[in-house]
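Worksheet: one structure, shown below.
Laboratory data are not the source of any read-out in this text; all were calculated from the coordinates shown. These figures come from a predicted structure and were not determined experimentally. We place every Cβ from the backbone using ideal geometry, glycine too, and count neighbours over all the protein chains shown.
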Amino acid sequence: MATRTLIILFFLITSPFAIGETKKQCTENERETRNCYLKYGPYTLRLSQEKIILDDSVRHRIFDFPYKDNPSWSDIQIEKINHRYVLNIKLWRVNLDAADVQSLHWVVMEVTSGNLIPITDQVIQKRRETELKDSPGFINDPLTYHAIKWDRKKKKLRWYAGRKSELF
């Protein structure tokens with residue numbers, strides 16, 4: 001019994017989150033199961049298909065996930081741009097007007113002390129479900145250019161999605 005307790009204690013102490021290791025992006029398996037942990041700088045985030053839990057080692061807050069209609073997670077990552085932390089979420093959602101068409105949403109949130117601030121939600125790609133050579137697949141539209149960059153003149157961050165752009 002004591003050996004089992006020591007083994008469990010060893011794994012808890014040496015886990016990536018116990019020793020402060022950085023984890024900026026959800027793995028493929030985490031995206032498929034819709035359960036992901038991220039850690040970068042002072043922030044730890046736990047994302048599930050319904051909630052986002054933010055822990056900044058002082059506060060522990062719970063936020064709603066951007067979409068609750070069970071979207072497919074494409075990519076989720078946290079990045080630091082000029083001393084600011086930004087959460088990028090990319091989700092495939094079924095369009096309400098055409099069931100065989102899906103839209104890739106790029107949701108950007110700024111991570112601050114105890115808060116997640118929604119910045120933008122843009123559709124950056126569409127795809128149509130089809131059957132290719134007797135197997136299901138997708139035909140994708142071109143991916144729209146999207147990025148977050150530091151605006152030196154305004155001294156703020158700016159997001160870009162196609163021809164749209166805005167400071168935050």
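Within region 120-168, the trypsin sites (Lys or Arg not before Pro) that combine a DSSP coil assignment with at most 15 other C-beta atoms in a 10 angstrom radius are LYS133, ARG152, LYS153, LYS154, LYS155, ARG163.
Taking ASP69, ASP97, ASP141 as the candidate residues, the one with maximal mean-square fluctuation in a Gaussian network model of the chain, Cα springs under 10 Å, is ASP97. Computed from backbone phi, the HN-Hα couplings of region 155-161 come to 6, 9, 7, 9, 9, 10, 8 Hz, rounded to whole numbers (Karplus: 6.51 cos²θ - 1.76 cosθ + 1.60, θ = phi - 60°; Gly and Pro given as x). Here the Karplus curve 6.51 cos²θ - 1.76 cosθ + 1.60, taken at θ = phi - 60°, turns the phi angles of region 94-108 into couplings of 6, 6, 6, 7, 9, 5, 8, 10, 10, 10, 8, 8, 10, 9, 10 Hz, with x standing for Gly and Pro. Within the listed set SER57, SER48, SER113, the residue fluctuating most in the Gaussian network model of the chain (springs between alpha-carbon atoms under 10 angstrom) is SER57.
Sorted largest first, the spans of the alpha carbon positions of the chain along the three principal axes are 58, 52, 23 Å. Scan around ARG34 for amide H atoms under 5 Å from its own, H built in the peptide plane at 1.01 Å from N, and keep only partners 5 or more places away or cross-chain. Counting only residues 5 or more places away or on other chains, the set is empty. Computed from phi, the 3J(HN,Hα) profile of region 61-73 under the Karplus parametrisation 6.51, -1.76, 1.60 (θ = phi - 60°) reads 10, 10, 10, 6, 5, x, 10, 9, 8, 6, x, 8, 6 Hz, with x in place of Gly and Pro. Test of understanding: in a Gaussian network model of the chain with alpha carbons linked when under 10 Å, which of PRO66, PRO42, PRO142 would top the mean-square fluctuation ranking? Largest GNM mean-square fluctuation: PRO142.
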